[in-house]
Amino acid sequence: EFSAKYKIDIASNPKACVRMMTACEKTKRVLSANPEAVLNVDCLMNDVDVRGHIDRTKFEELAAPVLDRVIEPVQKALADAGVTRDALYAMEVTGSGSRLSSIRKRLRDFFGRDLSTTTNAEESVARGCALMCAMISPVFKVRDFAVADIAPYPIKVWWCAAEKAEAAGAGAATDGTSCATFTP
């Protein structure tokens with residue numbers, strides 16, 4: 001749309017691409033709370049100021065191929081953990097993508113029930129830290145439960161520039177402490 005309207009080729013200029021991506025990210029955040037947003041990029045390329053308008057439905061239509069891929073990592077995480085959808089008691093969705101109604105709808109349809117979105121990303125990290133502190137504290141009593149943490153990628157350790165070892169493979173369950181002895 002901008003190429004035809006302003007007669008510029010954004011893809012040919014890396015700085016213009018970065019400016020456009022930054023503006024689109026800001027617009028996405030505005031659309032997560034409002035039904036429509038204005039896209040403004042000052043001096044995008046060749047001293048051209050770009051202005052545009054988009055509503056949430058048009059954004060979701062343009063982003064549908066990307067939004068449809070949201071379920072794949074969720075299915076993989078459940079499979080890696082060996083957990084079914086029915087075994088989950090509660091689901092808390094955090095992060096910037098979770099603010100989009102289309103992502104929440106896709107996740108709600110996948111799980112077949114409502115999701116909780118009351119916690120922001122910083123709060124969820126703080127809750128996890130507080131829970132771990134309570135679990136290892138001799139003062140607090142916490143009901144026994146299991147935490148299944150899966151490393152989606154292999155964890156590798158390098159030393160001496162050429163030597164390396166794989167501490168945990170992709171999809172391996174990781175515990176809080178791992179020990180390894182390396183000898184030259």
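In table form, for the structure just shown:
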| item | result |
| --- | --- |
| Accessible solvent surface per residue of the chain, calculated while the other protein chains remain in place, 1.4 angstrom probe, Å² | 73 Å² |
| Exposure rank, largest accessible area first [Val30, Val50, Val93; 1.4 Å] | Val30, Val93, Val50 |
| Mean separation of Cα contacts under 8 Å (6+ apart) over length of segment 1-153, as relative contact order % | 15 percent |
| About the Cα centre, charge dipole magnitude for the chain (Lys/Arg +1, Asp/Glu -1 at Cβ), debye | 260 debye |
| Spacing of the two label points (7 Å from each Cα toward its C-beta) at Ala4 and Ala134, in nm | 5.7 nm |
| Calculated on alpha-carbon atoms, Rg and Dmax of segment 1-49 in Å | 11.5, 33 |
| Descending semi-axes in whole angstrom, ellipsoid equivalent of segment 60-116, from the Cα gyration tensor | 20, 13, 9 |
| Among (1) 28, 16, 12; (2) 40, 26, 16; (3) 52, 20, 14, the entry that matches semi-axes √(5λ) of the Cα gyration tensor in Å as calculated here | (2) |
| Cα-based equivalent ellipsoid, segment 70-148: semi-axes from gyration tensor eigenvalues, Å | 26, 16, 10 |
| Low-density loop cleavage sites - chymotrypsin sites (Phe, Trp or Tyr not before Pro) in segment 98-158, where at most 12 other Cβ are within 10 Å (DSSP) | Phe140, Phe145 |
| Of all accessible heavy-atom area on the chain, the percent that carbon and sulfur account for (1.4 Å) | 57 percent |
| Charge dipole of segment 1-146 about the Cα centre (unit charges at C-beta), most positive-ward option of Leu44, Cys133, Val30 | Cys133 |
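The values are calculated or read from the model by the stated rules, or taken from the named source; none is laboratory data. Nothing here was measured: the structure is a model prediction, and the numbers come from that model. FYI the Cβ positions are ideal-geometry reconstructions off the backbone, even for glycines, and counts take in every protein chain you see. Just the protein is used for accessible areas: all its heavy atoms, side chains included, with ligands, DNA and RNA removed. Shrake-Rupley method; radii C 1.70, N 1.55, O 1.52, S 1.80 Å.
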